[in-house]
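Working notes for the structure below.
Bear in mind these aren't lab numbers, they're just calculated from the coordinates by the rules spelled out. Just so it is clear, the model here is predicted, and its values are computed rather than measured. A quick note on method: Cβ atoms are made from the backbone with ideal geometry, for glycine too, and the neighbour counts reach across all protein chains shown.
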Amino acid sequence: MAKILVVTSGKGGVGKTTTSAAIGTGLALRGHKTVIVDFDVGLRNLDLIMGCERRVVYDFVNVVNGEANLQQALIKDKRLENLFVLAASQTRDKDALTLEGVEKVLMELKETFDYVVCDSPAGIEKGAHLAMYFADEAIVVTNPEVSSVRDSDRMLGLLSSKSRRAERGEEPIKEHLLITRYNPERVVNGEMLSIADVEEILAIKLKGVIPESQAVLKASNQGVPVILDDQSDAGQAYSDTVERLLGKEKELRFVDVQKKGFFERLFGSK
Ligand SMILES: Nc1ncnc2c1ncn2[C@@H]1O[C@H](COP(=O)(O)OP(=O)(O)OP(=O)(O)O)[C@@H](O)[C@H]1O
Ligand SMILES: [Mg+2]
């Protein structure tokens, strides 16, 4: 059965698009036919992070409006056989997507894909609502700081009350917690919430912790999802997260303060 997975957060700039690209790519790497859909109308970030921005001819809004069919709008990843992107529109009209239009496109995608990964825009308003409304599962992306956790908590309230599953009284959306931009040193110094703090406040199952990492910016500048950088800490942490989403047990990595080597202690580190 095809699954619709929304990557959502409430607060902006926490790492949703980075996560959508990484998780979507990770699922495709493991043999699942996957499409990543950009719901961020007006911004179009996903195609940059996936490195397919020059290939966008038709987008999500064109399909909703009947100006193109899905085959015309789906962009096939140049690295992976079973990975596709549906880009967001650059139109300034934030109302270009409607619930009926989104439903039509998602239901059609469900017929041919194993996973439909929806990259939500920031906030809890219309765009974020459209991205989560039809979801079967939600990855709630949270940074270990109070404002991000608070907004994620509001999003959890919406997932359990304003989604289609909630409105129909069906089995609730399965919620997964993903902590991103985690910096163990800052936690030890009391500048960031700990993993346990975040888990306690949100009380949903933790599926991964992605460290703050320079590899993320480097990868996005190159248009490569960071999960394909399998030497990087963030790439490996995303791989572990995908494994856990698929039901495997994996210990958390990159969550403890690294003991500094002699030279680093002597000269300091970045
Ligand atoms: N683990 C990480 N380490 C370092 N930087 C990160 C990490 N994750 C994300 N970033 C950076 O944070 C910024 C925001 O990331 P991203 O665009 O994925 O967030 P977003 O939640 O999609 O934002 P928006 O709400 O605007 O859509 C980017 O510059 C990205 O490179
Ligand atoms: Mg984004």
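If you rank Ser152, Ser20, Ser232 by fewest surrounding Cβ atoms within 10 Å, what's the result? If you can, show how the numbers build up before the last one.
Numbers: Ser152 27, Ser20 31, Ser232 19.
Arranged by neighbour count, lowest to highest, Ser152, Ser20, Ser232 become Ser232, Ser152, Ser20.
Under the rule that an exposed site lies in a DSSP loop and has at most 14 other Cβ atoms within 10 Å, name the longest stretch of the chain with no GluC sites (Glu not before Pro) of that kind, not counting the sites themselves.
Working: sites that count: Glu67, Glu81, Glu125, Glu170, Glu191, Glu249, Glu251.
So the longest stretch without any such site is 1-66.
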For the chain, calculate the relative contact order in percent as a whole number, restricting contacts to Cα pairs under 8 Å that are 6 or more residues apart. 24
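Please work out whether segment 11-95 counts as rounded, prolate or oblate from its C-alpha gyration tensor, where a ≥ b ≥ c are the square roots of the eigenvalues and a/c under 1.5 means rounded, while otherwise a/b larger than b/c means prolate and anything else oblate?
Details: a/c = 2.04, a/b = 1.21, b/c = 1.68.
Oblate is the answer for segment 11-95, as a/c is 1.5 or above yet b/c matches or exceeds a/b.
How would you classify segment 1-52 from its alpha-carbon gyration tensor, with a ≥ b ≥ c the square roots of the eigenvalues: rounded for a/c under 1.5, else prolate if a/b is greater than b/c, otherwise oblate?
Details: a/c = 1.86, a/b = 1.48, b/c = 1.25.
Prolate.
Which net charge results when you count Lys and Arg as +1 and Asp and Glu as -1 among the other residues whose beta-carbon is under 12 Å from that of Arg55?
On the way: positive: Arg54, Lys76, Lys78; negative: Asp47, Glu53, Asp59, Asp77.
Cβ neighbours under 12 Å give a net charge of -1.
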Mind checking the angle between helix 16-29 and the chain's longest principal axis? C-alpha axes, 0 to 90 degrees, to the nearest 10. 80
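Which percent, to the nearest 5, of DSSP beta bridges fully inside segment 3-267 are antiparallel? It would help to have the intermediate numbers written out before the result.
Working: 2 of 31 bridges.
Expressed as a percentage, antiparallel bridges in segment 3-267 total about 5.
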Listed by chain and number, the residues whose amide H is under 5 Å from that of Ala68, excluding neighbours fewer than 5 places away on the same chain and using placed H, are Val63
Over segment 128-270, what is the relative contact order in percent, taking alpha-carbon pairs closer than 8 angstrom and at least six residues apart? 20
Pairs of Cα atoms farther than 30 Å apart, segment 3-267, %: 25
Taking alpha-carbon centroids only, segment 205-255 lies from segment 98-116 a number of Å equal to 27
With a cut-off of 8 Å between alpha carbons and a minimum separation of six or more residues, what is the relative contact order of segment 1-127 in percent? 44
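What full-extension length gain, to one decimal in nm, is calculated for Glu167 and Glu108 as 0.36 nm per residue of separation minus the Cα-Cα distance? Could you put the intermediate results ahead of the total?
Values: separation 59, 0.36 × 59 = 21.24 nm, distance 2.17 nm.
Full extension from Glu167 to Glu108 adds 19.1 nm.
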Theoretical FRET efficiency, 1/(1+(r/R0)^6), r = Cβ-Cβ of Phe267 and Arg54, R0 35 Å, to 0.05: 0.25
Given charges of +1 on the Cβ of Lys and Arg and -1 on the Cβ of Asp and Glu, with all other atoms neutral, how large is the dipole of the chain about its Cα centre, in debye to the nearest 20? 400
Identify all lysines with a Cα-Cα distance to Lys110 below 20 Å; exclude those on the same chain that are fewer than 8 residues away in sequence. Lys3, Lys33, Lys76, Lys174
